1. What ranking do 203, 49 get, fewest neighbouring Cβ atoms within 10 angstrom at the top?
2. In a Gaussian network model over the chain where Cα atoms closer than 10 Å are linked, find which of 42, 92, 200 has the largest mean-square fluctuation.
3. How much of the pair distance distribution for region 3-209 lies past 23 Å, counting alpha-carbon pairs only, in percent?
4. Helix-only mean residue ellipticity at 222 nm, the chain, DSSP H runs n ≥ 4 weighted -39,500 (n - 2.57), per residue, nearest 500. What is it?
5. Enumerate by residue number the trypsin sites (Lys or Arg not before Pro) in region 111-154 meeting two conditions: DSSP loop (anything except H, G, I, E, B), and at most 12 other Cβ atoms within 10 Å of the site's Cβ.
6. Trypsin sites (Lys or Arg not before Pro) within region 26-79: which are DSSP loop residues with at most 12 other Cβ atoms inside 10 Å?
7. Which is the longest part of the chain that has none of the GluC sites (Glu not before Pro) sitting in a DSSP loop with at most 15 other Cβ atoms within 10 Å?
8. Note down the relative contact order for region 3-209 as a percent, whole number, built from C-alpha pairs under 8 angstrom at least six residues apart.
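No lab work stands behind these numbers, since they all come straight from the coordinates. What you are looking at is a predicted structure, and each value in this text was computed from that prediction instead of being measured. Here the Cβ positions follow ideal geometry from the backbone for every residue, glycine too, while neighbour counts run over all protein chains shown.
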Amino acid sequence: MTPAEQSVKARQICALAPIVPVIVVKDAAHAAPLARALVKGGLPALEVTLRTPCALDAIRAMAEVEGGVVGAGTLLTPADVKAAKAAGARFGVSPGLTERLMRACEEEGLPLLPGAVTASEVMRALEWGYDMLKFFPAATSGGAPALKALGGPLPQVGFCPTGGISLSNAPDYLSLPNVLCAGGSWVAPDAKVQAGDWAGIETLAREAAALPR
């Protein structure tokens with residue numbers, strides 16, 4: 001799968017809902033009910049970050065949830081790509097972009113949403129064939145004004161800003177023509193996950209899914 005083909009798939013996934021939940025799973029037993037709550041609330045695309053020992057098990061469990069499109073976040077190495085694809089991830093997300101990571105995603109056929117924040121990083125991604133990118137970390141990289149500015153010289157690039165996104169500031173990003181969706185962790189707060197408050201998480205998901213874009 002070429003980078004251009006990956007970006008086509010990434011755009012399709014980003015178009016599913018205005019918010020992509022960014023999830024840190026600490027207990028694999030929570031994975032399936034959490035995914036069901038988010039999907040039922042209207043957020044089918046789910047990014048599980050590879051930051052915990054049980055992340056791959058969580059991806060395996062979420063991959064079985066009907067209506068969900070589960071991806072692996074924090075992809076850093078070719079080994080991460082292989083493991084994520086084997087676990088059932090249907091897309092990958094990375095904080096940046098390296099040639100080794102790009103080649104691994106090509107070989108594994110895993111659509112990648114790579115990170116970029118500067119004009120040079122965006123231009124390099126474009127040279128490699130990616131025109132759908134993650135803007136990370138969004139809040140500390142200029143936020144919505146920075147994304148709006150990048151849209152001037154680089155209007156062909158779509159973005160999914162992540163990092164510091166909340167229910168209150170998400171509309172600032174989603175109103176931009178070059179933003180397809182945003183990544184947010186507030187829809188799956190750790191306290192509600194640990195308490196098994198799946199109804200509460202579904203409510204948060206419905207609020208997020210209703211955001212205009």
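1. In increasing order of surrounding Cβ atoms, one gets 203, 49.
2. Per the Cα network of the chain with a 10 Å cutoff, 200 tops the list.
3. Cα-Cα pairs in region 3-209 separated by more than 23 Å: 39 percent.
4. After summing the helix terms and dividing by the residues of the chain, the value is -12000 deg cm²/dmol.
5. For trypsin sites (Lys or Arg not before Pro) across region 111-154 that sit outside H, G, I, E and B with at most 12 neighbouring Cβ atoms in 10 Å, the list is empty.
6. Filter output for region 26-79: 51.
7. Longest run free of exposed loop sites: 67-213.
8. Result for region 3-209 is 24 percent.
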